[in-house]
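Structure first, commentary second.
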Amino acid sequence: MTADSTPALVQPADAATGGPPAGPSAARGPRARNTTAYLKYVAAKIAGAVVSLFAVLVTSFFLFRLIPSDPVKQMTGGRRVSAEQLESMRHQFGLDQPMWQQFTSYIGDALTGDFGDSFAYHAPVIDKIVEKLPATLLLTGTAYVLYSIIGIWLGTRTAWRNGSAGDRFNTALALTLYSVPSFWLGLLLIIVFSVGVGPIPGMFPTGGMSSGDTSGLDYVIDVAHHMVLPVITLVAVGYAQTLLVMRSSLLDEMGSDYLTTARAKGLRDDVVRRKHAVPNAMLPTFTLMFVNLGQVVAGQILVETVFSWPGLGSLFYQGLSTPDLPLVQGLFFVFATAVILANTLADVLYPLLDPRVGR
């Protein structure tokens, strides 16, 4: 075959780079295909989140109307009220309208961020949520940071020393705490450290966020003093879950061939753990952390109620006792939205850590 008989399918090399010629096909390389696949993956996740949010919006309307209680009669506090007064109150709160009309009004208003006025507080629901949100973020956010750090650190150490006395102790303790209801643990802490048992004196407040008569630095110390027991309650349960997930993930990685290769290259054991095993084992824990991040906004209803913490959890419990339909509907939607958005963010970021996802 002569030089002039080069097959037509063979492309000549680019003179400047020595590679294939530049042209329209260059834009359709592996990197472009990966970017397109990732964008499609993100779009699908966002679309799924939007559908989930609308489903939550619909569910929040019908769910709390299953509560066998009349909100108007509950608001009267058992006082003798005439039928005309009850009817006037139902008209005031729109409860005399047909169900389909209440539903369409609720959906239309909620899509604009208006969840109506609270029956009990006579104020916009969104204002009550904004008012109570900082207290919830302070409590659950502090606990979230602490139990994430403790859980990942202890989970890594226990897995790397699998079968040791420390591993058995920490795993047994984590399983116990993970099985304990958070409200029961909170009540136990109140009995022991607030009321006092035997030689243990009452050292912490039984509830609330502050004593109400302090300011400045004294106020900060007072709030921190009130936070101790609820934070310990949340950390005890949260760190146990994180530890168990991190330990299980790292144990799955420890038998991998790439770790054997790293050790064969002469890398120290702590380097193999920190730079090779732990980053790969972090992927399931990463997802769990984002799920828990959504619950930071949702708060812990039972823990906040047990400790009388003035956050969204206590507000939700108070709304259920009436039932204050606009309030519990708005809070339920906010709680679910926080979890859905956190999960969606985890799904969007996960392929950046593990390229096998979303391709």
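The values are calculated or read from the model by the stated rules, or taken from the named source; none is laboratory data. Note that this is a predicted model, so its numbers are computed, not measured. Heads up, the Cβs are rebuilt from the backbone with ideal geometry, glycines too, and the neighbour counts pull from every protein chain shown. The accessibility values were calculated without ligands, DNA or RNA, using every heavy atom of the protein model including side chains. Shrake-Rupley method; radii C 1.70, N 1.55, O 1.52, S 1.80 Å.
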**OP:** Please identify every one of the trypsin sites (Lys or Arg not before Pro) in the stretch 147-250 that sits in a loop by DSSP and has no more than 16 other beta carbons within 10 Å of its own beta carbon.
**Re:** Arg161
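Apply 1/(1 + (r/R0)^6) to the Cβ-Cβ distance of Phe103 and Leu39, taking R0 = 25 Å, and write down the FRET efficiency to the nearest 0.05.
Numbers: r = 36 Å, r/R0 = 1.43.
Working from the Cβ atoms, E equals 0.10.
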Subject >> FRET E, pair Tyr219, Ser256, Förster distance 56 Å, beta-carbon r, rounded to 0.05 >> reply: 0.60
Subject >> For Val278, solvent-accessible area (1.4 Å; no DNA, RNA or ligand), Å² >> reply: 30
Original post:
Using r as the Cβ-Cβ distance of Ala55 and Arg168, and R0 as 56 Å, what FRET efficiency do you calculate, to the nearest 0.05?
Top reply: 0.80
Original post:
Using θ = phi - 60° and the Karplus curve 6.51 cos²θ - 1.76 cosθ + 1.60, what whole-Hz ³J(HN,Hα) does each residue of the stretch 267-283 get, with Gly and Pro shown as x?
Top reply: 5, 5, 4, 5, 5, 4, 5, 6, 9, 10, 6, 4, x, 6, 6, 6, 4
Subject >> Residue-by-residue Karplus 3J(HN,Hα) for the stretch 142-156, coefficients 6.51, -1.76, 1.60, Hz, glycine and proline x >> reply: 4, 5, 4, 4, 5, 6, 5, 5, 5, x, 5, 5, 5, x, 5
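In what order, largest first, do Tyr41, Tyr106 sit by accessible area if the probe radius is 1.4 Å?
Ranking Tyr41, Tyr106 by accessible area, largest first, yields Tyr41, Tyr106.
Figure the gain on full extension for Leu349 and Ile126 (residue separation times 0.36 nm, minus the Cα-Cα span) and round it to one decimal in nm.
77.3 nm
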Original post:
Rg and Dmax of the stretch 145-276, Cα atoms, in Å?
Top reply: 20.0, 64
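Quick one: net charge of Met254's neighbours, Cβ under 15 Å, K/R +1, D/E -1?
+1
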